Amino acid sequence: MSNVIDRVIGYFNPLQGLRRHHIREVLTRAYEGASKRDGWKPRRPGASANTDHAVDAGTLRVRSRALVQNVPYIAQGLRSLVANVVGTGITPNWKGPGAAKLNKAWAEWVSQADADGRLDLYGIQAAAYRAMEQDGEVLIRLRQRRKSDSLAVPLQLQLLEIDWLDSYRTGRAEGSTNTVVNGIEYDSLGRVAGYWLFDQHPGEMVTTMRGRSSSHFVSAENIIHLFTPDRPGQGRGFPRVAPVIARVRDLQVYEDAELQRKNLEARLSVLASGDVAQLATPPTVEEGVNGRGTNELGALSGGNIIQLPMGMTTTVVEPKAAPGYTDYVKWQLHLISAGFGVTYEMMTGDVSEVNFSSARVRRLDFVREVEMLQWTLLVPRLCDRICRAFADAAVLGGVVDKADYQVEHSTPKWDYVNPQQDVRADLDEIAGGLSSISEKLRRRGYKPEAVFKELADDIQKLRDLGLLDVLMMLQKGRQMSDGQGDSQATAAAQK
């Protein structure tokens, strides 16, 4: 829109007026989403991820825990995530010169890894990942032990809720040029130098005499801080349920209101007016003393004909059912499951509206998301750190002479959606040179070397027992039978 100045300039200098109008049009926003006319003002614009965390993370964490504890489908969604991402555990396999000794020591150490003595190593993986998704982040402290503690290697892991971190400590570190932000100390280059931890959980019901209210510094070498850094420069994590907390709460309120409405629908009430003295229930002694009576006129009898007093009129209150409850709840659960990062079927257990094709497509997307989480977060940030600490402890414990960090990780295998078709597709890829046997085994959670060794041992044992030729003959007969069946199916299709 032109103003008075534009019109004056255009009157005396039309060319300059056109230029001003053109420049004004160029400055007009190209993106409608950037327009401020809709009144949308995002909260805390321009704040860093650490600032957002300092203000909101505590409340988000408390509400996330409340939803997991009280909302069935949120609890089920979290269980499904843990079962698919960690499952029975992400297992390592050393490949270097000391691989045999390290793998043997690892197998023995798995049951000794928990400093609290409650879980094995893979239970720690599952509990750590669960806490990370529920609270947004979790701490695993590496505890060095003595040789005399009778462990496979002198190392244990202590799983700590993020509440142990002194989130209110922010500013210049004492006696250092380092900076502390939300309980994490950074050096001059921005690297994590350590964490400020309490001696015990600040929410513990019973405090010990030696427990201190102040926090103390623990080097970053002894802490694994597991969280998902969604934004550059983000030093702390947010709960997975954060984007849908408000929606879940609104749905819970709606369900409570629907339950109350259903209770009213099940009740047939009668409003009476006029001369109701003969039907009124006499007040009790206490009600008479207090000057209060009762408005109840008695219970409704079924199957009877009752004569009402003269002058009494009645009105029957019969609430009507409101349709659309199920459809609305299902739609909201679809949105909640999408924001939570799992499928609707995984979160609710409802597979009534799913066919094979749609389930397969959504499963493939979910598998990609899980594998990205496994290989970009859990393996490098959790599993590799534990393995490196284990290798160093193995040197201190005299298991090996030199630390070996050459390790491969195997994630839990995915079950087949359609075993026959999936296996045939894998065999076709191997036969066509598009994949290797080892790659297919790794994608299913197996260790190729262990499978090949086991196959070689089985074949040798069958050969020694004279059964290998029998099995080969049976397999050849099966292949001929399958080929005949396929040809008959092809002929029937052509007809």
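The values are calculated or read from the model by the stated rules, or taken from the named source; none is laboratory data. The structure displayed is predicted, hence computed values, not measured ones. Cβ sites come from the backbone with ideal geometry, for glycine too, and all protein chains shown count toward neighbours.
Annotations
- From the options Val423, Val417, residue that is part of a loop (DSSP other than H, G, I, E, B) and within 26 Å of Ser357 (Cβ to Cβ): Val417
- The C-beta contact set for segment 405-428 (first residue without any contact (Cβ under 8 Å) to a residue 40 or more places away in the chain, second residue β-branched (Val, Ile, Thr) and part of a helix (DSSP H, G or I), distance under 8 angstrom, 6+ apart or interchain) comprises Tyr416/Val423.
- Residue match in segment 81-90 (condition: surrounded by 19 or more Cβ atoms within 10 Å (Cβ to Cβ), under 30 Å from Thr343 (Cβ atoms) and touching a strand residue (DSSP E or B) at 6+ places or on another chain (Cβ under 6 Å)): yes
- Cβ-Cβ contacts under 8 Å between residues 6 or more apart (or on different chains), taken from a first residue in segment 227-240 that is closer than 15 Å to Ala131 by Cα and at pLDDT 95 or above to a second residue that is in a loop (DSSP other than H, G, I, E, B) and basic (Lys, Arg), are listed as Phe227/Arg236.
- Counting only residues that are part of a helix (DSSP H, G or I) and loosely packed, with under 11 Cβ neighbours inside 10 Å, segment 455-469 holds 6 of them.
- Any hit, segment 470-483, residues being exposed (fewer than 11 other Cβ atoms within 10 Å of the Cβ) and at pLDDT 85 or above: no
- Residue check for Gly33: assigned to a loop (DSSP other than H, G, I, E, B) and loosely packed, with under 10 Cβ neighbours inside 10 Å: no
- Taken over segment 140-166, the residue count meeting the criterion of being crowded, with 20+ Cβ neighbours inside 10 Å and among the polar types (S, T, N, Q) is 1.
- Identity of the residue in segment 80-105, touching a helix residue (DSSP H, G or I) at 6+ places or on another chain (Cβ under 7 Å) and assigned to a helix (DSSP H, G or I), that ends up farthest from Asp401 (Cα to Cα): Ser80
- Options Gly445, Gly433: the member that is in a loop (DSSP other than H, G, I, E, B) and either assigned by TED's automatic domain parsing to the domain that holds Gly123 or modelled with pLDDT of 85 or more (or both): Gly433
- Exactly one residue out of Ala75, Ala49 is small (Gly, Ala, Ser) and touching a residue at least 60 places away in the same chain (Cβ under 8 Å), and it is Ala49.
- Condition check for Val361: free of Cβ contacts under 8 Å to residues at least 24 places away in the same chain, assigned by TED's automatic domain parsing to the domain that holds Pro92 and aliphatic (A, V, I, L, M): yes
Here's the yes/no breakdown for (1) outside any helix (DSSP H, G or I); (2) exposed (fewer than 15 other Cβ atoms within 10 Å of the Cβ); (3) at pLDDT 95 or above:
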position	(1), (2), (3)
Asp327	no, yes, no
Asp350	yes, yes, no
Val361	no, yes, no
Phe366	no, no, no
